[in-house]
Amino acid sequence: DQVLELAITANRPDGLSMQGIAREVAALSGGRTRFAPVPPATTAQPLEASAASQRAMEEGGLFSVTALDGLHVAPSPGWLQRRLEKAGIRPINNVVDITNLVMLETGQPLHAFDQERLAASAGGSLQPGELGLRQGRPDETLTTLDGEERQLGSDSLVVTCADRPIALAGVMGGLEEAVQLDTTAIWLEAAVFAPQRVRLSARSAGLRTEASSRFEKGLPP
């Protein structure tokens, strides 16, 4: 394959997506962009996550959650695995891989939470309003998807369920609520977090990810 390597400056988060690069090439060449339409998922249900949405909007961002059920988690088809590997991302399963493909194509990071595991975090009863967004507390820890237990603090911005941290916002999700092979339903998060908050969170955790590298540059709402 031919590889085009690009150096993206800090003020151009759109350069970290295939669609963004396509728009740039079109602007330079006088060409036109044509993106394939994306049909809505028939099992999708937008949810109201008031506490997290309100906090995100106060900081100039957005926070939305969509419920999806009837899922069958399995290894992704070969074409998807190869596309991710060429971009330096390790394939995990079809649900997680699709969120990463969307991020590579559009520049928008997504995160999928297992619905049953979220309910367990909330004590058995799960309501969208239980999702929150707040600063970490000095006595809190979060085991992230890479298996590392991370100490939280005032520099950490966390997504919570029933006030319990379930993700380091804009950086990495928690291990306990991760999508597994037995997952059949998810809550899919699509958000825009304040760049400075993500930058502080990533720095305090010593963790820079594909998601944080996009959020900290300032995604357009």
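Some notes on this structure:
- Comparing mean-square fluctuations of 129, 78, 15 from a GNM of the chain with C-alpha springs under 10 Å, the top value falls on 78.
- Label point distance in nm, residue 163-residue 67, each placed 7 Å from Cα along Cα→Cβ: 2.4
- The alpha carbons of region 67-108 give a radius of gyration and a Dmax of 10.4, 30 Å, in that order.
- Eigenvalues of the alpha-carbon gyration tensor of region 107-221, scaled by 5 and square-rooted, set the equivalent ellipsoid semi-axes at 21, 16, 13 angstrom, largest first.
- Helix 18-29 and the longest principal axis of the C-alpha atoms of the chain enclose an angle of approximately 30°.
- Note on the chain: GNM, Cα springs under 10 Å; of 22, 52, 194, the largest mean-square fluctuation is that of 22.
- For region 26-114, the spread of Cα positions along each principal axis, largest first, Å: 41, 39, 26
- Restricting region 1-110 to trypsin sites (Lys or Arg not before Pro) in coil, as DSSP defines it, with at most 15 other Cβ within 10 Å: 32, 34
- Over the C-alpha trace of the chain, radius of gyration and Dmax come out as 17.5, 56 angstrom.
- Cα centroids of region 47-96 and region 131-173: 18 Å apart.
- Computed lengthening from residue 135 to residue 190, 0.36 nm per intervening residue step minus Cα-Cα distance: 17.9 nm
- Fully extended contour minus Cα-Cα distance, from residue 143 to residue 210, at 0.36 nm per residue: 22.3 nm
- Förster radius 45 Å - calculated FRET efficiency between residue 125 and residue 12, Cβ distance, rounded to 0.05: 0.55
- Cα gyration tensor category, rounded, prolate or oblate, for region 7-70 with a/c compared to 1.5: oblate
Rule-based calculations on the coordinates, nothing more; no lab input. All values reported here derive from a predicted model rather than from experimental measurement. Backbone-built Cβ (ideal geometry, glycine too); neighbour counts: all protein chains shown.
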